[in-house]
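The values are calculated or read from the model by the stated rules, or taken from the named source; none is laboratory data. What you are looking at is a predicted structure, and each value in this text was computed from that prediction instead of being measured. Neighbour counts are summed over all protein chains in view; Cβ atoms, including those assigned to glycine, are modelled from backbone coordinates with ideal geometry. Side chains included, ligands, DNA and RNA excluded: accessible areas come from the protein's heavy atoms. Shrake-Rupley method; radii C 1.70, N 1.55, O 1.52, S 1.80 Å.
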Amino acid sequence: MYRILKAEMLADKIYLMDVEAPRIAKACQPGEFVIVKMDDRGERIPLTICDYNRDKGSITIVFQTVGASTEKMADLKTGDSFEDVVGPLGNASEFVEEDLEEVKKRKYLFVAGGVGTAPVYPQVKWMREHGIAVDVIMGAKTKDLLILEDAMREQAGNLYVTTDDGSYERKGMVTEVIKDLVVNQGKHYDVCVAIGPMIMMKFTCLMTKELGIPTIVSLNPVMVDGTGMCGACRITVGDEVKFACVDGPEFDGHKVNFDEAMKRQMMYKSEEGRAILKARE
Ligand code: FES
C-alpha cells in the first residue's frame with residue numbers, strides 16, 4: 001500500500017497528492033511517470049511525476065478529475081492509501097541523460113498548458129538545480145485554473161503567464177507569447193519543451209516549426225499496462241509507430257501525428273478515457 005502524506009486541491013477539479021513511495025522516489029527523474037490504482041478493481045491511471053523528495057521517500061502527483069475514477073481518487077485524504085503505484089515508467093527527459101556542459105550551452109523555453117504545468121515543473125526545477133536559468137510560459141483557460149505558479153516562479157529564470165480569457169496577466173494563447181518573445185523581443189531558443197493538452201501541443205509545434213525551434217512534447221495518451229504490451233498508447237512519430245509508455249513519453253513534437261493521436265484517443269473505450277479526452281479539448 002502507498003500512503004498519502006498530503007492531499008490538497010490546487011484549483012477547480014485539480015488535486016495534488018504527496019504519496020509515500022520510497023523506491024520510486026529514489027529512482028525517478030524528470031519526464032517519467034507512474035500508474036496508480038486505487039483498489040483491486042480500480043482503473044489504472046497514468047500520471048507524470050510532478051516532484052519527488054528522495055529523503056522523505058515521497059513523490060508528488062497532480063491530477064484533474066474527469067470521470068468516475070479520478071473523482072473517486074479526489075476523495076482520498078491524507079492517511080489513505082493507493083493499492084498500487086507502479087513506476088517510474090517511461091524515459092527521463094533527454095537533457096537528464098546528456099552531457100551537462102552541452103545542456104548548459106542551450107537556451108531552453110518551457111511551455112506549460114493547464115495541468116501540463118505539473119510535468120513541466122520537475123524539469124524546470126532540475127534545470128535550476130544544475131545552474132541553468134530557463135524561460136517558462138504558463139497558460140490556462142482562466143486564472144482559477146492556473147496551478148503551481150509560485151512554485152514555478154521560484155524555479156524559472158523568467159516566467160510569462162497567460163490566460164485565454166485575460167482574467168490574469170496576459171490575455172491569449174501560449175503560442176502568441178512564444179511569437180512575442182521570439183519575433184518582437186528577439187529572444188533566441190535552442191529547444192522548446194511543450195507539455196499540456198494535445199491541441200495546445202499541436203499548435204505550439206506548428207508555431208515553433210515556423211520559428212525553427214526544435215520542440216519536445218510529452219504525450220499522455222490513455223494507457224492500460226504501461227509496459228508496451230497492450231498497444232493502447234500507440235502513436236505515430238515521423239514514419240514510425242511508437243508506444244508512448246515505453247518509447248516516450250517525450251517525443252520530437254515536429255514529427256508527432258497529433259491529429260491521429262487525438263482521433264485514437266477518442267476511440268478509447270472506457271468512460272474515463274472519453275472523459276479525459278473531452279477535458280483535454
Ligand atoms: Fe499499453 Fe503503452 S500502455 S502499450
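For segment 1-27, a residue qualifies if it is over 13 Å from Val62 (Cβ atoms), charged (D, E, K, R) and assigned to a strand (DSSP E or B), and the qualifying residues are Arg3, Glu20. Does segment 190-202 include one or more residues that are among the hydrophobic types (A, V, I, L, M, F, W, C), surrounded by fewer than 20 Cβ atoms within 10 Å (Cβ to Cβ) and at pLDDT 90 or above? Within segment 190-202, one or more residues are among the hydrophobic types (A, V, I, L, M, F, W, C), surrounded by fewer than 20 Cβ atoms within 10 Å (Cβ to Cβ) and at pLDDT 90 or above.
Report yes if Ala112 is surrounded by 21 or more Cβ atoms within 10 Å (Cβ to Cβ) and modelled with pLDDT of 90 or more, otherwise no. Spelling it out, Ala112 is indeed surrounded by 21 or more Cβ atoms within 10 Å (Cβ to Cβ) and modelled with pLDDT of 90 or more. Residues that are open to solvent by 60 Å² or more (accessible area, probe 1.4 Å) and of a type in the set (D, E, K, R) within segment 20-35 comprise Glu20, Arg23, Lys26, listed in sequence order. The set of residues in segment 213-258 being more than 7 Å from the ligand (Cβ to nearest atom), open to solvent by less than 60 Å² (accessible area, probe 1.4 Å) and without any contact (Cβ under 8 Å) to a residue 24 or more places away in the chain consists of Val237, Gly238, Lys242. Can you find a residue in segment 54-77 that is surrounded by fewer than 19 Cβ atoms within 10 Å (Cβ to Cβ), of a type in the set (A, V, I, L, M) and over 21 Å from Val224 (Cβ atoms)? Yes, segment 54-77 contains at least one residue that is surrounded by fewer than 19 Cβ atoms within 10 Å (Cβ to Cβ), of a type in the set (A, V, I, L, M) and over 21 Å from Val224 (Cβ atoms).
Between Met17, Met38, the distinction of being among the aliphatic types (A, V, I, L, M), touching a residue at least 12 places away in the same chain (Cβ under 8 Å), farther than 24 Å from Ala151 by Cα and open to solvent by less than 60 Å² (accessible area, probe 1.4 Å) belongs to Met38 only. Count of segment 124-157 residues, restricted to those that are in contact (Cβ under 8 Å) with a residue 40 or more places away in the chain and among the β-branched types (Val, Ile, Thr), is 2.
Within segment 28-81, can you find the residues that are part of a strand (DSSP E or B) and either more than 21 Å from the chain's Cα centre (by Cα) or among the acidic types (Asp, Glu) (or both)? Answer for segment 28-81, where residues must be part of a strand (DSSP E or B) and either more than 21 Å from the chain's Cα centre (by Cα) or among the acidic types (Asp, Glu) (or both): Asp51, Ser81. Within the bounds of segment 190-203, is there any residue that is over 23 Å from Ile147 (Cα atoms) and outside the structural domain of Val85 (by TED's automatic domain parsing)? Scanning segment 190-203, I find at least one residue that is over 23 Å from Ile147 (Cα atoms) and outside the structural domain of Val85 (by TED's automatic domain parsing), so the answer is yes. Take segment 31-67 and flag every residue that is within 16 Å of the ligand (Cβ to nearest atom), at pLDDT 90 or above and of a type in the set (Val, Ile, Thr). Within segment 31-67, Val34, Ile35, Val36 qualify. Do you know which residues across segment 205-244 are under 15 Å from Val111 (Cβ atoms) and touching a helix residue (DSSP H, G or I) at 6+ places or on another chain (Cβ under 6 Å)? Once the filter is applied, which keeps residues that are under 15 Å from Val111 (Cβ atoms) and touching a helix residue (DSSP H, G or I) at 6+ places or on another chain (Cβ under 6 Å), segment 205-244 yields Met207, Leu211, Thr215, Val217, Ser218, Leu219.
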